[in-house]
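What follows is a set of notes on a single structure, which appears directly below.
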Amino acid sequence: MNFNNLKIGQRLGLGFGAVLLLLLVLTGVAFTSMNAAGRDQQQLVEMERRAILTDEWVASTQLNINRVMALGKSGNNPEVEAYFKPLIAQTTERINVLQKDLDAAIESEQGKALLADIAARRKDYIAVRKTYFDALKAADPQAAQMLDGQLLPSAQRYLTTMQELQKHEHGLVDTAVTQAKAALQRKMALIGGIALVALLVGVLVAWRVARSVTVPVAGAVRAARAVADGDLTQAVQVNRHDELGQLQQALADMKASLLSTVAQVRSASDSIGVASSEIASGNQDLSARTEQTASNLEETAASMEELTSTVRNSADAARQ
């Protein structure tokens, strides 16, 4: 399809349509990117919430273990027990709530495996703790060894597993943040690329449409100016089928009509010149003939005078 054969309205429609299409694509990509960014943000918020819950879970567990160790070091002193026991119970209740929330929120395979491991470590720690305090209440001489040899290692294993989960959740957050930044950069690059393409297409279409209009208009102006100056030799090129092509064709037809009119006027002028020459020649012949006739009339008049004189003489003679 030749671009110059399209109507000006069609050209403008195609140009602006292409630009609007690219802008629509740009808007769609931006909208999709915003939705994806929103989903990523929601996931990131959920991951951060899990990480915060894990931090609180680990901190609360560490706090309770420290209280248990302090209680153990005191030899289960009644005053110390009376102080720490309600605090330990309150913190344990919070730990149970946090563990239940994390069990429902964590979906990764590694996270679930760590949760199962933590539950086993906690169960083992609680069992060792119960055994230790039972021995302490029974005044078992092995109780002091159980504190450092069994309860403390069990608590450390419990905390270490929880810290692994804590590290895992924070690692997920860091990975999600990195991926979100990379995805945002890719989408920004895509949006920038589409915007650049839209700008280039807009500039190209504007230049192409402007050139397709101004060039033939300038040619038509030159042709009209030449005709106005009386120059009918300049050719008018008609190489398009749009409104400007119709204008070029009208100028070509006007020039052809003027050429025909000038030819007719020139032919009539030549005919008038020939007729004028013939009339002048006839006038000369008529003048010569008139002079000859006048001379003949003069001779006739002289002859008539002579004849009149003779008749008069004859009359006189006859009278005599």
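Observations, loosely collected:
- Stretchable slack from ASP103 to ALA30, in nm (0.36 nm times residue separation minus alpha-carbon distance): 22.6 nm
- Once the Cα atoms are used to define both axes, helix 152-228 deviates from the longest principal axis of the chain by about 0 degrees.
- Cut-off 17 Å (backbone N to label point 7 Å along Cα→Cβ of ALA37), residues of the range 161-193: 177-193
- Degrees between helix 8-73 axis and first principal axis of the chain (Cα, 0 to 90, nearest 10): 10
- Relative contact order of the chain, pairs being alpha-carbon contacts under 8 Å that are 6 or more residues apart, as %: 26
- Taking the three principal axes of the alpha carbon atoms in the chain, the coordinate ranges are 222, 29, 23 Å, sorted in descending order.
- Net charge of the neighbourhood of LEU53, taken over other residues with C-beta under 9 Å away and scored Lys/Arg +1, Asp/Glu -1, is -2.
- Highest-fluctuation residue, GLN156, GLN43, GLN292 considered, GNM on the chain with Cα pairs under 10 Å: GLN292
- The calculated 222 nm mean residue ellipticity attributable to helices in the chain amounts to -33000 deg cm²/dmol, summing -39500 (n - 2.57) over DSSP H runs of n ≥ 4 and dividing by all residues.
- For the pair SER271 and ASP117 in one chain, pulling the backbone fully straight at 0.36 nm per residue adds 43.2 nm over the alpha carbon distance.
- Inter-label distance, nm, simple model (7 Å from Cα along the C-beta direction), ALA82/ASP285: 16.6
- Between 0 and 90 degrees, the angle of helix 109-137 with respect to the longest Cα principal axis of the chain falls at about 20 degrees.
- Put a plus charge on the Cβ of each Lys and Arg, a minus charge on the Cβ of each Asp and Glu, and nothing anywhere else: the dipole of the chain about its Cα centre is then about 2120 debye.
- Extension gain for the segment LEU258 to ASP140, taken as residue separation times 0.36 nm less the Cα-Cα distance, is 29.2 nm to one decimal.
- Which listed pairs, of LYS85/LYS123; LYS100/LYS167; LYS85/LYS167; LYS100/LYS181, have C-alpha distances above 26 Å, in listed order: LYS85/LYS167; LYS100/LYS181
- If a spin label sat at a point 7 angstrom from the Cα of ILE126 along the line to its beta carbon, the backbone N atoms of the range 133-170 nearer than 19 Å would be those of 133-135, 151-163.
- Overall shape of the range 149-194 was characterised from the C-alpha gyration tensor. The equivalent ellipsoid obtained from it has semi-axes of 44, 4, 4 Å, in decreasing order.
- Of all aspartates and glutamates in the structure, the ones whose alpha carbon falls short of 19 Å from that of LYS137, not counting any fewer than 8 places away in one chain, are GLU79, GLU81, ASP148.
- Spin-label pair MET188-VAL45: with each label point 7 Å from Cα along the Cα-Cβ axis, the two points sit 2.2 nm from one another.
Where a number appears in this text, it was derived from the coordinates with a stated rule and is not lab data. Just so we're clear, the structure is a prediction, and the values are computed from it rather than from any experiment. Backbone-built Cβ (ideal geometry, glycine too); neighbour counts: all protein chains shown.
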